[in-house]
Amino acid sequence: MIQLYYAAPSIYGRKVLAVLDEKGLDYEIRKMSFASQDHLKPEYLALNPNGEIPTLLDGDFAVYESTAIIEYLNDEYPEPPLLPEDSEGRARVRMAEDYCDLHLYPEVIRCFIKKVLKNEELTAEDTDAVTERLQRLETLLAGKTWLAGDFSLADCAAMPAFASLEALGVLDACVKSSSLKAYVSKLKQRPGYKGASLMSLEAAAAS
């Protein structure tokens, strides 16, 4: 049985959940708490010496770092495939996913910290910063249904960002273009969106 060590607010953990659900895999969630510093306990550090969340345990093999996890899942459980076979296509997927990780997620996380942890209202300046990051996704979508051709790991990476914005109540304020709205609507119909949405603000604040 696959086990995923996960804490409610982790956007990177929900990226992994999206892939698990897209693959239709059976898995168990091992709930972690940042507040209790579960990620720094010796038994967890034995699995993930970086002390970060998430970590995936498949049998006795531990994988950490969300991108390594989802590529492992795609290699180990190849159906349905979420990476193209050609090198150019795979590079396009990885570049789009990397953009989500390094440029989109930080703005979404900043909104989460402000609203949930600091209990402050989000402003137009906050949502406009997210909208600016989303413009790159809009460019990638030009003439396409998905970010890198066929549905892929890149789209799984986008899911928790939009799900987080929805949970924070600012999805409409951030997603303004018709093409992005159509894209989000399609994402919501995918099996992976359920896992990507696995965050209540109350549970996240408690974690």
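Checking the stated criteria, Ala157 turns out to be at pLDDT 95 or above, in a helix (DSSP H, G or I) and either assigned by TED's automatic domain parsing to the domain that holds Leu17 or surrounded by 16 or more Cβ atoms within 10 Å (Cβ to Cβ) (or both).
Among the residues of the stretch 160-181, which ones are in a loop (DSSP other than H, G, I, E, B) and not aliphatic (A, V, I, L, M)? Explain how you work it out, then say what you get.
Step one: filter the stretch 160-181 for residues in a loop (DSSP other than H, G, I, E, B), giving 168-170, 175-177.
The answer is Gly169, Lys176, Ser177.
Of all residue pairs spaced 6 or more apart or on separate chains, those with beta-carbon atoms under 7 Å, a first member in the stretch 5-18 that is among the charged types (D, E, K, R) and a second member that is at pLDDT 95 or above and buried (at least 24 other Cβ atoms within 10 Å of the Cβ) are Arg14/Pro160; Arg14/Ala163; Lys15/Ser66; Lys15/Ile70; Lys15/Cys156; Lys15/Ala157; Lys15/Pro160.
For the criterion of being under 30 Å from Ala35 (Cα atoms) and surrounded by 18 or more Cβ atoms within 10 Å (Cβ to Cβ), Leu122 passes. Among the residues of the stretch 54-106, the one identified as in contact with a strand residue (DSSP E or B) (Cβ under 6 Å, 6 or more places away or on another chain) and part of a loop (DSSP other than H, G, I, E, B) is Pro54. Suppose the filter is under 24 Å from Ala161 (Cβ atoms), buried (at least 19 other Cβ atoms within 10 Å of the Cβ), of a type in the set (D, E, K, R) and over 18 Å from the mean Cα position of the chain (by Cα); does Lys115 pass it? Criteria met by Lys115.
Taking every residue in the stretch 44-66 that is closer than 21 Å to Ala157 by Cβ and pairing it with any residue that is part of a helix (DSSP H, G or I) and of a type in the set (Lys, Arg), at least 6 positions away or on another chain, the pairs with Cβ-Cβ distances below 6 Å are Ser66/Lys15.
The values are calculated or read from the model by the stated rules, or taken from the named source; none is laboratory data. Predicted model only: the values in this text are computed from it and were never measured. Positions of Cβ are generated from backbone atoms using ideal geometry, with glycine treated the same way; all protein chains shown enter the neighbour counts.
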